[in-house]
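The values are calculated or read from the model by the stated rules, or taken from the named source; none is laboratory data. As the structure is a prediction and not an experimental result, all values here were calculated from the model. Cβ placement follows ideal geometry from the backbone for every residue including glycine, while neighbour counts extend to all protein chains displayed.
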């Protein structure tokens, strides 16, 4: 039996009516595609801008303001200190300069005829630790490392040490009475954890003319 073609309706027609649902659906798909294209374009533009933007250089530790705290030490110096006997005066020299693109302070000490000691040190401000650090080596086999800071007009660098007899001490160097052409330096030790200090070697610095 043949069906009347006028009463036959495909599934598509049944879905789309009533209220013209197909048009609404197609518009929704179109809007979604446009949104996806816009999103992709925005991401691509952001990526391209990031690639073209100049890279921000990290801060230069050697340019830190604290690096200038040891600038008073830089120069050519004549040194004097009390001799072993009453009334004697020891004499030495120290040449201190900036090296490695002025990032490091290098010291070269000589005891001249007063003593055998010859030594050198390098000092730098560690921006991560927020402290000054110094390493000293000399012709008597010593290796000393110090940590400290410039505070209240003085530079103090200290270290923990153990003497040959097993005694624990704190050793420190103190730069004080600082002026443009003179200052005092002292080597000190404490046996009571820093409560009291014994000055073991005072040196007076005077800048060479």
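Taking segment 93-111 as the region of interest, how many residues are surrounded by 14 or more Cβ atoms within 10 Å (Cβ to Cβ) and not in a strand (DSSP E or B)?
Result for segment 93-111: 2.
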Note: among 165, 126, just one is surrounded by fewer than 13 Cβ atoms within 10 Å (Cβ to Cβ) and over 21 Å from residue 81 (Cβ atoms), namely 165
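Quick one: would you say residue 90 is at pLDDT 95 or above and in a loop (DSSP other than H, G, I, E, B)?
For residue 90, the condition - at pLDDT 95 or above and in a loop (DSSP other than H, G, I, E, B) - is not met.
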Looking at (1) loosely packed, with under 11 Cβ neighbours inside 10 Å; (2) at negative phi, which one does residue 175 not meet, given that it meets all the others? (1)
Go through segment 137-169 and give me each residue that's closer than 22 Å to residue 105 by Cα and out of contact with any strand residue (DSSP E or B) (no Cβ under 9 Å at 6 or more places or on another chain). 141, 151, 152
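Would a scan of segment 54-74 turn up a residue that is surrounded by 14 or more Cβ atoms within 10 Å (Cβ to Cβ), out of contact with any strand residue (DSSP E or B) (no Cβ under 8 Å at 6 or more places or on another chain) and closer than 19 Å to residue 155 by Cβ? So that I can check it myself, show each step before the final result.
Initially, segment 54-74 is screened for residues surrounded by 14 or more Cβ atoms within 10 Å (Cβ to Cβ), giving 61-62, 64, 66-67, 69-70, 72-74.
Subset that is out of contact with any strand residue (DSSP E or B) (no Cβ under 8 Å at 6 or more places or on another chain): 62.
If we keep only those that are closer than 19 Å to residue 155 by Cβ as well, we get 62.
Yes, some residue in segment 54-74 is surrounded by 14 or more Cβ atoms within 10 Å (Cβ to Cβ), out of contact with any strand residue (DSSP E or B) (no Cβ under 8 Å at 6 or more places or on another chain) and closer than 19 Å to residue 155 by Cβ.
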Tally up the residues in segment 127-167 that are modelled with pLDDT under 95 and more than 25 Å from the chain's Cα centre (by Cα), please. 6
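Does any residue of segment 184-205 turn out to be in contact with a helix residue (DSSP H, G or I) (Cβ under 7 Å, 6 or more places away or on another chain), crowded, with 16+ Cβ neighbours inside 10 Å and assigned by TED's automatic domain parsing to the domain that holds residue 84? Even if it seems obvious, please write down each step before you answer.
First, pick out the residues of segment 184-205 that are in contact with a helix residue (DSSP H, G or I) (Cβ under 7 Å, 6 or more places away or on another chain): none.
No, segment 184-205 contains no residue that is in contact with a helix residue (DSSP H, G or I) (Cβ under 7 Å, 6 or more places away or on another chain), crowded, with 16+ Cβ neighbours inside 10 Å and assigned by TED's automatic domain parsing to the domain that holds residue 84.
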